[in-house]
Amino acid sequence: MINRRKFIALSALGSAALIDKKMMAAEQTNSIGAKPVVISTWDAGIEANKAAWKILGAGGRALDAVEAGVMVTEASQNCCVGLGANPDRDGFVTLDACIMDEFFNCGSVAFLERIKHPIAVARRVMEKTPHVMLVGEGAQRFAIAEGFPLEGQTLSPNAQKAYDEWLKKSEYKPVINIENKNNRGSSVPSQFESGEFNHDTIGMVAMDAKGNLSGSCTTSGMGFKMRGRVGDSPIIGAGLFVDNEVGACTATGQGEDVIRIVGSHTVIELMRQGLSPEAACKKAVERLVKIKGAKAKEIQVAFLALNKKGVTGAFAIHKGFSYALKTEGVEKLVTAKSLLAG
Ligand code: GLY
C-alpha cells in the first residue's frame with residue numbers, strides 16, 4: 001500500500017514516471033549499471049568504444065574518452081562520418097560535431113570542410129573560445145589557427161561512386177526527405193527499406209570511474225543534402241546533451257526531426273522525472289511519431305542514453321538500430337527496441 005509520504009514522493013516524480021512503470025522494469029534488458037561505461041551508436045561504435053576504453057579503463061576522464069572514441073570513426077574511410085563520407089549535392093563533404101562535459105561546458109562546429117577531426121575542433125571551441133559554436137569558413141579558419149591541417153577535397157572512392165550514382169537522378173530541390181523519396185523510386189532497395197537506415201552519425205556517451213559523464217557526436221550529415229544544411233549532431237540539446245546529475249543522451253537519424261523536439265535534452269528531462277534511459281528514449285520517439293503522423297514511416301530517429309547509475313537504454317522509430325556497449329569485461333552490440341516494425 002502507498003502511504004502518504006510515498007504518494008507525495010511519487011507525485012513529485014511526475015505522471016510520466018507512473019505511466020512508465022512497465023518500462024522501468026524493462027530497463028533491465030539493456031542495463032549494465034557498471035562504471036566506467038561507454039556506449040555509441042551503430043556497429044562502428046564497437047571500434048570507437050575500444051579507443052574510448054583505453055582512456056576509461058585506465059581511470060581517465062570521460063571527456064577525453066568520448067573525443068578519442070569518435071575520432072576513430074572520423075578517420076575511417078568506410079563510414080558515413082568524417083571526410084570519407086558522402087558529399088552534399090554540390091559534391092563537397094561538410095562535417096558537424098559537438099562535445100559536452102560534466103560541467104555543462106560544450107563546443108560545436110558545423111558546415112566544416114576539409115578538417116579531418118571536427119570533434120577535436122569542437123573541443124577547442126569549448127576550451128579556447130568564449131563561444132559554443134563556430135560554423136563554415138570561420139570554423140575552418142579557427143581550426144587552421146589551432147594547428148589542424150587543411151585536407152584535400154577529393155572524395156573517397158566509395159563516396160565518389162555513391163555521388164556519381166546519385167547524380168544520375170538528382171534534382172536540386174529543397175524537398176524534405178528527398179533522399180528517402182529518391183531511394184524509394186530506385187530499383188535498388190534503400191538501406192532504409194532493407195532495415196538498415198543510413199548510418200550517418202556516431203554519437204557516444206560515457207561515464208568514467210569517478211562517475212562523471214561526457215558525450216560527443218560527429219557526422220557528415222545526410223548524404224546529398226543541400227549545401228549549407230546542418231542537422232542535429234552539432235546542436236547541443238538536439239544531437240547531444242549531458243547533465244552530470246542525471247545522465248547523457250545522443251541521437252542519430254533524421255536530424256531535422258531530432259531538432260524539432262530538442263531530442264537529447266528531452267530524453268534527459270524525462271530521465272530527470274524518473275524514467276529509465278530506455279523509457280525516456282521511447283517517450284521521445286513516441287512524441288516524434290505523434291508529431292509526424294503518417295510521415296513517421298519515412299524517417300528513422302533513434303536515441304541512446306546513459307543514466308547516473310551506469311544504466312544504458314535506447315529506442316528507435318524503426319527496427320535496425322543497434323548500439324555498441326563497452327564496460328569492464330563486456331563488449332557487445334545491443335539491438336534497440338523500436339516503435340514501428342519496418
Ligand atoms: N543525424 C545526423 C544528421 O541528420 O545530420
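Just so it is clear, none of the values below were taken in a lab; they were calculated from the coordinates. Here the structure is a predicted model, which is why all the values come from computation and not from measurement. Heads up, the Cβs are rebuilt from the backbone with ideal geometry, glycines too, and the neighbour counts pull from every protein chain shown.
Less than 11 Å Cβ to Cβ from F104, Lys/Arg counted +1 and Asp/Glu -1: what total charge do the surrounding residues give?
Values: positive: none; negative: D101, E102, D243, E245.
Summing Lys and Arg as +1 and Asp and Glu as -1 gives -4.
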Net charge over other residues, Cβ less than 9 angstrom from the Cβ of S233 (K, R count +1; D, E count -1): -3
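If r is the Cβ-Cβ distance from K161 to E47 and R0 is 35 Å, what FRET efficiency results, to the nearest 0.05? It would help to have the intermediate numbers written out before the result.
Working: r = 23 Å, r/R0 = 0.66.
Approximately 0.95, to the nearest 0.05.
By how many nm would the segment from E245 to F103 grow when fully extended, if each residue of separation counts as 0.36 nm and the alpha-carbon distance is taken off? Don't skip to the end; give the middle numbers.
Values: separation 142, 0.36 × 142 = 51.12 nm, distance 1.00 nm.
So the extension gain works out to 50.1 nm.
Ranked highest first by average number of other Cβ atoms within 10 Å, how do 221-230, 327-336, 136-145, 305-314 line up?
Details: 221-230: 18.8, 327-336: 14.4, 136-145: 16.7, 305-314: 25.1.
Top of the packing list down: 305-314, 221-230, 136-145, 327-336.
For A294 and A58, calculate 0.36 nm times their separation in residues minus their Cα-Cα distance, and state this gained length in nm to one decimal.
Working: separation 236, 0.36 × 236 = 84.96 nm, distance 4.80 nm.
Full extension of this stretch gives 80.2 nm more.
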Segment 215-239 and segment 78-157: distance between their alpha carbon centers, rounded to Å: 11
Convex hull volume per residue in cubic angstrom - Cα atoms of segment 235-328: 85
Compactness of segment 113-167 as Cα Rg over 2.2 N^0.38 Å, two decimals: 1.38
Quick one: Karplus J couplings for segment 299-304, per residue in order, coefficients 6.51, -1.76, 1.60, θ = phi - 60°, nearest Hz, x for Gly and Pro? 10, 10, 9, 9, 10, 9
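What length, rounded to one decimal in nm, is gained on full extension from K169 through to E286, with 0.36 nm per residue of separation minus their alpha-carbon distance?
Values: separation 117, 0.36 × 117 = 42.12 nm, distance 3.40 nm.
Net length gain for the segment: 38.7 nm.
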Please report how far the C-alpha centroid of segment 242-301 lies from that of segment 303-325, rounded to the nearest whole angstrom. 11
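So how do R287, R123, R114 line up by other beta-carbon neighbours within 10 Å, fewest first?
Working: R287 15, R123 25, R114 18.
Least to most surrounded, the residues fall as R287, R114, R123.
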Point-to-point label distance, R272-K210, nm (Cα→Cβ direction, 7 Å offset): 2.3
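Using only alpha carbon pairs under 8 Å that are at least six residues apart, calculate the relative contact order of segment 33-172 and give it in whole percent.
Numbers: 226 pairs, mean separation 25.2, N = 140.
After rounding, I find 18 percent.
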From the phi angles alone, apply the Karplus equation (6.51, -1.76, 1.60; θ = phi - 60°) to segment 157-169 and give each ³J(HN,Hα) in whole Hz, x where the residue is Gly or Pro. x, 5, 5, 4, 4, 5, 5, 4, 5, 5, 4, 4, 10
Just to check I understand the Karplus step: with θ = phi - 60° and J = 6.51 cos²θ - 1.76 cosθ + 1.60, what whole-Hz values come out for segment 115-123, glycine and proline as x? 10, 5, 10, x, 5, 6, 5, 4, 5
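Once you keep just the Cα pairs under 8 angstrom separated by 6 or more residues, what percentage relative contact order results for segment 70-141? Can you show the working numbers first?
On the way: 138 pairs, mean separation 18.3, N = 72.
This gives 25 percent for segment 70-141.
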